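Inspection log for the structure reproduced underneath, given as structure tokens.
The values are calculated or read from the model by the stated rules, or taken from the named source; none is laboratory data. Note that this is a predicted model, so its numbers are computed, not measured. Positions of Cβ are backbone-derived with ideal geometry, glycine not excepted, and every protein chain shown enters the neighbour counts. Only protein heavy atoms, including side chains, enter the accessible area calculation; ligands, DNA and RNA are left aside. Shrake-Rupley method; radii C 1.70, N 1.55, O 1.52, S 1.80 Å.
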Amino acid sequence: MTNDTRLSDTQARGVRYARELEGHLGWLDTFSGTALGVLAVASGIYTYLGVSSLLDENGAMSVFAAIAYSVAVSVGIFVFWSYMMRLFPAVRSAQARVGLILTMGVGSLAIVAMSSWLNAAALAGSAAVEQHLAKTVQDYQNSLERAHEVAITAQSLERDVARTRQSFEDLSEQEAAGALSGLAGRGAVFRVLRQKAAELSGLEGQISAQTPLVQSAFAEGNAILSRMRALTVEPGPVEARSVEFSEQAVRLAGLITQLRQLSIAPLVERAAQDLAASVVLPELDGQTEAGRVDQAATITSVLEVLAQRATTLERAAQAVQAQQPPADVTYTPISSADAVILYGRNFIPSWAGAIAIDLLPAVLVFIVAITQSAIRGGREGTAIEDTLTLAELRAALAAARDVETAMTDHETHAVPPDIPRPTKTKAAE
């Protein structure tokens, strides 16, 4: 008997617990639909802003299309989570719950695909586009600096050319003094040396003339970069700034190409190849046969030195050309939605907020499901009559009386009218 009494008390507490939870759910149901509707409408508004950023036109048709899409998203979110909030807590079998959970997962992915990324675009679209502009500026800066570095390295070949020119001038002075061929004066050997010195002097002048052009192009490129940096942080709509940014990017790309073309290294390489290949040998002017032989031997030695210096100069020019060229940078305008996806890792809070506003009802679904499971657990093992409240009992009694009255009326009307009713006799009286 003690065990039965304890079991009865446990069941009674379970019933009271279940009734308490039902009361809370009943109160929460009064505004759960409204709250779900508010979340759906808020998501639809941000979806509208995201869709508007994707549309190229601003006409009435575009506005209508954006509104229609956002309304469809709001209705879809509200209907989907309403279904889940009603059906998922009500099912009891494990198979049904697994099926609904899978359905909820698929639906959540669909909501993220059709709404959340647009919400993120509305929340952080402008910042993401500015991030794209800033990254493009950095890429252009790296390309400009690399092009300038290669051009300056090519300009340094001027020292190699000057050193080679100076060596030939020194040799010519030695020949004029008779230290090379033994014949003092400005004879055939002197003219060969001066000829190559003059060629190198002309090449040196060409290289020197390029220096101001390189510096001017680099300074102009830095000025354009400063303007592009300013456009990334200026107030105002980012779309308008992107237009001017694109114009500046085109100018800067042209300057980078100009810097690449100003590299003197290819010209130096060709000049070095021609230095030894194109030699105009003058007529030997020695007064004696021995003198002319000495001149020929000296010229041969000069040509060997010339070939060595030309090879050294050519290799220096080839080393400059072998350097890594500046990367090709092209600015591509990008929409706010695409920018949010491309730079998503930089806007995790915005993505979290955009997804949370769409998937928050999933938490409510699980809360209601857990509560309904607790209610069923509290009532488990109790009879139906034990779970009735006083109001439910009164309603049941009233319903029973109504049924009884209806049956009585039915029997009364069911008696045929031609059958006489029994009358009281005097004896009966």
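Quick look at the values:
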read-out	value
In Hz, Karplus ³J(HN,Hα) per residue of region 235-250 (6.51, -1.76, 1.60; θ = phi - 60°; x = Gly, Pro)	x, x, x, 6, 5, 5, 5, 5, 5, 5, 4, 5, 5, 5, 5, 5
Solvent exposure ordering (accessible area, 1.4 Å, most first) of F78, F245	F78, F245
Net length gained if the chain between L109 and E234 were fully extended (0.36 nm per residue, minus Cα distance)	41.3 nm
Anisotropy class of region 110-155 from Cα gyration tensor, a/c 1.5 cut	prolate
By average C-beta atoms within 10 angstrom, highest first, the peptides 102-110, 141-149	141-149, 102-110
Prolate/oblate/rounded label for region 44-131 (Cα gyration tensor, a/c 1.5)	prolate
Burial order of peptide ranges 42-53, 19-30, 85-96 (average beta-carbon count within 10 Å, highest first)	42-53, 85-96, 19-30
Exposure of R227 as accessible area (Å², to 10), given a probe of 1.4 Å and all protein chains	80
Extended-chain gain in nm, criterion 0.36 nm per residue less alpha-carbon gap, M61 and A90	6.1 nm
Inter-part distance where region 66-141 and region 186-242 are each reduced to a Cα centre, Å	53
Sorted peptide list for 339-348, 353-362, criterion being average Cβ within 10 angstrom, highest first	353-362, 339-348
Extension reserve of the I101-S82 stretch, reckoned as 0.36 nm per residue once the Cα distance is removed	5.4 nm
Karplus 3J(HN,Hα) series, Hz, for region 214-221 with 6.51 cos²θ - 1.76 cosθ + 1.60 (x for Gly, Pro)	5, 5, 5, 5, 5, 5, 5, x
Dimensions in Å of region 303-367 - Rg and Dmax from alpha carbons	29.5, 95
Approximate spin-label separation E149-L360, in nm, with each point projected 7 Å along Cα-to-Cβ	5.0
All-pairs alpha carbon distance profile, region 134-174, 5 Å steps from 0, percent	5, 21, 12, 13, 10, 10, 8, 6, 6, 4, 3, 1, 0
